[in-house]
């Protein structure tokens, strides 16, 4: 039998100091598959293109350098790259992140063993810009998630760890407008269940980023909201849909508190209640419950220590 083909899509822009570590971590993966690497280079002008070109020259049968002459932006770069990918399986990693040995093999075996699984992710070690370990991306162990759970618990999946079947290309290729990774995760969950490997097999560079909603600008917050709205209402119950909205409001609440912008929460509360199948009182209760749940997790997590005795920080709690 022929080996399956895995195409790894790497998106990059001006990551001269980091792209080589990413490329090497992918090329050193050992898996029973034919591995192709496609790099979407979004008109880098800092020397990133030279590094990628050198790897494409060294590995002509494995590395393809797609350099855009004019900046496309991260969404268009990602969408075009995935649309061009071929093979039975597609994986993705951002050019400032990297993988640990064994990552692809674990995910390939997982998808082959579970034909009804649409996509599988792994946990990630969070690192600073200088490579120092900070903590973990999420607090999720080995698990499987259906659409309803992924909706009402929000986004906690690491996009640089994603691996999915070829059919999942449509999650990005068919997008008519810019989207964030959460919408793609929800698309996969609409076409199967989502697998998660609790072992951190990916390194995610935080770059001083905060919560998915807590640290985002208004535009990205709108895209997160659109991701929630992208789920066909007939596929989830009113309870799960309302809980998804409440989780979103919880994230906006934390952002409003940190930035001392109470008007931010008030505006989104009205908009969310107008959209929710439930009324204001029930939505307020759901949102408060979500706030209390995550606050309690944060407090309990403050006592957890890593192998070095330092507090183990979790970027996203489920």
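Nearest 500 deg cm²/dmol is fine: what mean residue ellipticity at 222 nm does the chain get from its DSSP H runs of n ≥ 4 alone, each adding -39,500 (n - 2.57), divided by its residue count?
On the way: 11 runs with 132 residues, N = 318.
The helix contribution divided over the chain gives -13000 deg cm²/dmol.
Label segment 159-318 by shape, choosing from rounded, prolate and oblate, from the square roots a ≥ b ≥ c of the eigenvalues of the Cα gyration tensor; if a/c is under 1.5 it is rounded, and otherwise prolate applies when a/b is larger than b/c, oblate when it is not. Intermediate results must be reported in sequence, preceding the final value.
Working: a/c = 1.59, a/b = 1.03, b/c = 1.55.
The shape class here is oblate.
Using the count of nearby Cβ atoms within 10 Å as a rough guide to exposure, how do 218, 181 rank from fewest to most? Display every interim value, and only then the final one.
Values: 218 7, 181 21.
Listing 218, 181 from fewest to most nearby Cβ atoms yields 218, 181.
Using DSSP, restrict attention to beta bridges with both residues in the chain and report what percent are antiparallel, rounded to the nearest 5.
If we restrict to bridges inside the chain, about 30 percent are antiparallel.
Given R₀ = 35 Å, FRET efficiency for residue 76-residue 129 by Cβ-Cβ distance, to 0.05? Let's see the in-between values first.
Working: r = 26 Å, r/R0 = 0.73.
For residue 76 and residue 129, the calculated efficiency is 0.85.
Neighbour counts of other C-beta atoms within 10 Å: give me 38, 69 arranged from fewest to most. Kindly include the intermediate steps, with their values, before the conclusion.
Numbers: 38 20, 69 6.
The most exposed by this proxy come first: 69, 38.
Using Cα atoms only, what is the angle between the long axis of helix 74-84 and the major principal axis of the chain, expressed in degrees (0 to 90) to the nearest 10?
50
Evaluate segment 31-89: find the radius of gyration of its Cα atoms, find its Kirkwood radius, and give the ratio Rg to Rh. It would help to have the intermediate numbers written out before the result.
Values: Rg = 12.2 Å, Rh = 12.3 Å.
My calculation of the ratio gives 0.99.
In nm, what is the difference between 0.36 nm times the number of residues separating residue 311 and residue 24 and their Cα-Cα distance? Each step should come with its number before you reach the end.
Values: separation 287, 0.36 × 287 = 103.32 nm, distance 3.03 nm.
Answer, rounded to one decimal: 100.3 nm.
Treat each spin label as a single point 7 Å out from the Cα along the C-beta direction, and report the residue 112 to residue 62 distance in nm.
Between residue 112 and residue 62, the simple spin-label model gives 1.8 nm.
Suppose a student asked you for the relative contact order of segment 218-316, using Cα pairs under 8 Å spaced at least 6 residues apart; what percent would you report? Please report the intermediate quantities before stating the final value.
Values: 56 pairs, mean separation 22.9, N = 99.
It rounds to 23 percent for segment 218-316.
Only Cα pairs under 8 Å and at least 6 apart count here; give the relative contact order of the chain as a rounded whole percent. Spell out each step's value before the answer.
Details: 597 pairs, mean separation 57.9, N = 318.
Answer for the chain is 18 percent.
Working out 0.36 nm times the residue gap between residue 303 and residue 226, then minus their Cα-Cα distance, what length gain in nm do you get to one decimal?
Numbers: separation 77, 0.36 × 77 = 27.72 nm, distance 3.58 nm.
Gain in length upon complete extension: 24.1 nm.
What value does the chain have for Rg/Rh, both radii from Cα atoms and Rh as Kirkwood defines it?
Numbers: Rg = 19.7 Å, Rh = 20.4 Å.
For the chain, the value is 0.97.
Pairs of alpha-carbon atoms within less than 8 angstrom and 6+ residues apart define the contacts here; what relative contact order does segment 7-165 have, in percent?
Values: 257 pairs, mean separation 43.7, N = 159.
The normalised contact order for segment 7-165 reaches 28 percent.
So what's the angle, to the nearest 10 degrees on a 0 to 90 scale, between helix 262-275 and the longest Cα principal axis of the chain?
The angle comes out at about 90 degrees.
What is the distance in Å between the Cα centroid of segment 17-85 and that of segment 100-151?
Measuring centre to centre over Cα atoms gives 22 Å.
Run the quick spin-label model on residue 32 and residue 258: label points 7 Å from Cα toward the beta carbon, then report their separation in nm to one decimal.
4.4
Give me log10 I(q)/I(0) at q = 0.11, 0.13, 0.21 Å⁻¹ for segment 12-141, Debye formula, one equal scatterer per alpha-carbon, no solvent.
Treating every Cα as an identical point scatterer, log10 I(q)/I(0) equals -0.42, -0.59, -1.42.
On a 0 to 90 degree scale, rounded to 10, what angle separates helix 48-58 from the longest Cα axis of the chain?
Helix 48-58 sits roughly 50 degrees off the main axis of the chain.
Rule-based calculations on the coordinates, nothing more; no lab input. Quantities reported herein were computed from a predicted structural model and do not represent experimental measurements. Backbone-built Cβ (ideal geometry, glycine too); neighbour counts: all protein chains shown.
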